[in-house]
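Engineer: Can you keep this structure in mind? I'll have questions shortly.
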Amino acid sequence: MNYADAYLERLYEGAERRHSVRGALRGGTALEAWREGLLAALPGALGREPEDVAPNANVLETTELYDDAKHINYTRIKLLYDSEAALTTIAYLLIPKGLEGPAPAVVACTGHGYGVRDIVGLREDFSERDGESTYQKDFGLELVRRGYAVIAPEPVGFGELRLSSDVAQDKGNSCDRISDNLLLVGRTMMGARVRQYRVATTILAGLEEVDETRIGAMGISGGGLTSAFLTMTDARIKALVCSGYPCLYKDSIYAMYHCVDNFPFGLLNLAECDDLMALIAPRPQLWESGSRDPIFPRAGVREAEKTVRSVYEALEVGDRFDVDYFEGEHEISGRKAYDFLLRHL
């Protein structure tokens, strides 16, 4: 190990992790007191919060879609809304046809790629996709097929919310520059994106087609991150499916290159990933972990699982936590995910 490697290792070992759940599990602190402490500290890591504004949602286009082969009959609405005074967000709203009453709903959080179009059945050029899919496997459409209303926002820095200079250079995302500039004003990319999804949840909850008491979240990779932190910080999210993200940071984002949007202020001084995911208990959550996922390795997932499962068992709700360990790479599985949401929403 060279000096730089040793430096990072010592920094990790010296990080305080002041709100580790292990102390509460050993009986030193009540779980509720531990949860309140970590939730109170978390906004400091996510960065300064802008003032709340009205979403001012307005529709850009409405498309009626029917796919007999996939058994999907739904309306796709593209809309704009204000997630903060400085940011107008693009989103797709997918509403199944034939609903007999308010339906369960999911906030769908896309990972890195060409943006939110990738999870709602559109190619990068906005044409309808037929057959082929990416690592995200059209999970927004899979949710609609099962009767969920879905809102899928475009995260700032992805797709249509890239910087114009990056669009001109055909750069895949604008994460680096936007994240860096947010740091200059005391904010983080994670905080800005979680706010986008929080306001999207408000829009979803206000729809007459949606049962506001049955809203979940699902995401993969960078979308796994945002879906997880949305669920931690917003009690309206009643169940989570998180793919390709839950893993001890020492084995994943601390151990290798990851996009800068994974790094809020001083997070390891507060908690490790398992402590953070445990915040969601007792609400249901399912993780997906591919056996060949190179950036969220299986060993770190299993270690995180041990801690989180202990919290659910201490709360006597062990049946609300599960992990789908599937054969695959960094990708959506879906083998357990959709049934899990059907069971808990």
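Engineer: Which residue pairs have Cβ atoms closer than 6 Å, lie 6 or more positions apart in sequence or on different chains, and pair a first residue in the stretch 316-345 that is touching a residue at least 60 places away in the same chain (Cβ under 8 Å) and within 15 Å of R283 (Cα to Cα) with a second residue that is charged (D, E, K, R) and not in a helix (DSSP H, G or I)?
Structural biologist: L345/R214
Engineer: Report those helices (runs of 4 or more DSSP H) wholly inside the stretch 159-228 carrying at least 2 residues which are β-branched (V, I, T) and under 23 Å from F139 (Cα atoms). Even if it seems obvious, please write down each step before you answer.
Structural biologist: Values: elements: 164-168, 175-184, 189-205.
By residue number, 189-205.
Engineer: Restricting attention to the stretch 24-42, report how many residues are surrounded by 13 or more Cβ atoms within 10 Å (Cβ to Cβ) and outside any loop (DSSP other than H, G, I, E, B).
Structural biologist: Taking the stretch 24-42 as the starting set, the residues that turn out to be surrounded by 13 or more Cβ atoms within 10 Å (Cβ to Cβ) are 24-25, 29, 31, 34-35, 37-39, 41-42.
Keeping just the survivors that are outside any loop (DSSP other than H, G, I, E, B) gives 24-25, 31, 34-35, 37-39, 41-42.
Number satisfying all stated conditions: 10.
Engineer: If G300 satisfies every condition in (1) closer than 30 Å to A6 by Cβ; (2) in contact with a Lys or Arg (Cβ under 8 Å, 6 or more places away or on another chain); (3) buried (at least 19 other Cβ atoms within 10 Å of the Cβ); (4) in contact (Cβ under 8 Å) with a residue 60 or more places away in the chain but one, which is the exception?
Structural biologist: Only one criterion is unmet by G300, namely (4).
Engineer: Taking S174 as the residue in question, decide whether it is free of Cβ contacts under 8 Å to residues at least 40 places away in the same chain, under 18 Å from L225 (Cβ atoms) and of a type in the set (G, A, S). Steps first, please.
Structural biologist: Numbers: free of Cβ contacts under 8 Å to residues at least 40 places away in the same chain: yes; under 18 Å from L225 (Cβ atoms): yes; of a type in the set (G, A, S): yes.
Criteria met by S174.
Engineer: Search the stretch 232-246 for residues being under 19 Å from G334 (Cβ atoms) and not small (G, A, S), and hand back the single one that is nearest to the chain's Cα centre (by Cα). Working first, answer last.
Structural biologist: So the first thing to find is which residues in the stretch 232-246 are under 19 Å from G334 (Cβ atoms), and the list is 239-246.
This time we only want the ones that are not small (G, A, S), so: 240-242, 245-246.
Numbers: L240: 9, V241: 9, C242: 7, Y245: 9, P246: 10 Å.
Among them, the one singled out is C242.
Engineer: Let me ask you something else. Within the stretch 251-287, restricting attention to residues that are in a helix (DSSP H, G or I) and not hydrophobic (A, V, I, L, M, F, W, C), which residue is farthest from K336 (Cα to Cα)?
Structural biologist: Residues of the stretch 251-287 that are in a helix (DSSP H, G or I), as a first pass: 251, 260-262, 267-270, 273-278.
If we keep only those that are not hydrophobic (A, V, I, L, M, F, W, C) too, we end up with 251, 261-262, 269, 274-275.
Numbers: D251: 25, D261: 28, N262: 26, N269: 34, D274: 21, D275: 24 Å.
Restricting to residues being in a helix (DSSP H, G or I) and not hydrophobic (A, V, I, L, M, F, W, C), the top hit is N269.
Engineer: So G159 ticks every box in (1) buried (at least 24 other Cβ atoms within 10 Å of the Cβ); (2) closer than 30 Å to Y66 by Cβ; (3) in contact with a Lys or Arg (Cβ under 9 Å, 6 or more places away or on another chain) but one. Which box is left unticked?
Structural biologist: (1) is the only condition that G159 fails.
Engineer: Going through the stretch 42-58 one residue at a time, which ones are among the hydrophobic types (A, V, I, L, M, F, W, C) and within 20 Å of the chain's Cα centre (by Cα)?
Structural biologist: So in the stretch 42-58, the residues among the hydrophobic types (A, V, I, L, M, F, W, C) come out as 42, 45-46, 53-54, 57.
Within the stretch 42-58, L42, A45, L46 qualify.
Engineer: Consider G186 carefully, then state whether it is surrounded by fewer than 22 Cβ atoms within 10 Å (Cβ to Cβ) and under 20 Å from the mean Cα position of the chain (by Cα). Can you show your working first?
Structural biologist: Values: surrounded by fewer than 22 Cβ atoms within 10 Å (Cβ to Cβ): yes; under 20 Å from the mean Cα position of the chain (by Cα): no.
Criteria not met by G186.
Engineer: What residue, among those in the stretch 95-152 that are in a loop (DSSP other than H, G, I, E, B) and among the β-branched types (V, I, T), is farthest from K78 (Cα to Cα)?
Structural biologist: Pass one, the stretch 95-152, residues in a loop (DSSP other than H, G, I, E, B): 97-102, 110-115, 120-121, 123-127, 129-138, 146-148.
Applying the additional criterion that residues be among the β-branched types (V, I, T) yields 110, 120, 134.
Details: T110: 16, V120: 11, T134: 21 Å.
That would be T134.
Each value in this text was obtained by applying a stated rule to the coordinates, not by laboratory testing. What you see is a predicted model; the values in this text were computed from it and never measured. Note that we place each Cβ from the backbone using ideal geometry, even for glycine, and neighbour counts take in every protein chain shown.
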